[in-house]
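Note sheet for the following structure.
The values are calculated or read from the model by the stated rules, or taken from the named source; none is laboratory data. If you're wondering where the values come from, they're calculated on a predicted model, not measured in any experiment. As a convention, Cβ positions derive from the backbone with ideal geometry for all residues, glycine included, and neighbour counts pool all protein chains shown.
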Amino acid sequence: MRNTHIRPVRDLRNNYAEVAALLKNHDQVIITKNGRGAAVLINYTDYPEIEEYLHYKYMLEKLNEAEEEAASPKVEWLDHKTVFCALRKKYHEETI
């Protein structure tokens, strides 16, 4: 289980080896400045896992929004050709 440690920003300068050891053990370090949270440090190898989780959470939220919108009687449905044509135009223009 990952532990969370709270350290003042000066520990990055004065006790970096200790902070680095915490990160090496996959613990998380909250950095404070003047007693307030300023940043969170994590092990570099843990970053992709967190990014994947955030992406999954974002996609789930957007799917829920789309499902709610699709259920509305005010929604105007488009045929697939119109949708794909608009998507091709949009993404073709962005890549040029």
> Do we have any residue at all in region 51-58 that's hydroxyl-bearing (Ser, Thr, Tyr), touching a strand residue (DSSP E or B) at 6+ places or on another chain (Cβ under 7 Å), at pLDDT 95 or above and closer than 30 Å to His5 by Cβ?
Replying inline: no
> When you go through Ala39, Ala71, Ala86, Ala66 one by one, which is the residue that is touching a strand residue (DSSP E or B) at 6+ places or on another chain (Cβ under 8 Å) and among the aliphatic types (A, V, I, L, M)?
Replying inline: Ala39
> Which one is modelled with the highest pLDDT among residues in region 1-32 that are touching a helix residue (DSSP H, G or I) at 6+ places or on another chain (Cβ under 9 Å) and among the basic types (Lys, Arg)?
Replying inline: Arg7
>> With the requirement that a residue be surrounded by 13 or more Cβ atoms within 10 Å (Cβ to Cβ) and within 13 Å of Asp46 (Cβ to Cβ), what does region 1-26 give you?
In response: Leu22, Leu23, His26
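Any chance you could count how many residues in region 27-53 are within 18 Å of the chain's Cα centre (by Cα) and either surrounded by 10 or more Cβ atoms within 10 Å (Cβ to Cβ) or under 19 Å from Arg10 (Cβ atoms) (or both)? It would help to see each step written out before you state the result.
Of region 27-53, the ones within 18 Å of the chain's Cα centre (by Cα) are 28-30, 38-53.
Now restrict to residues that are either surrounded by 10 or more Cβ atoms within 10 Å (Cβ to Cβ) or under 19 Å from Arg10 (Cβ atoms) (or both): 28-30, 38-43, 45-47, 49-53.
Final tally of qualifying residues: 17.
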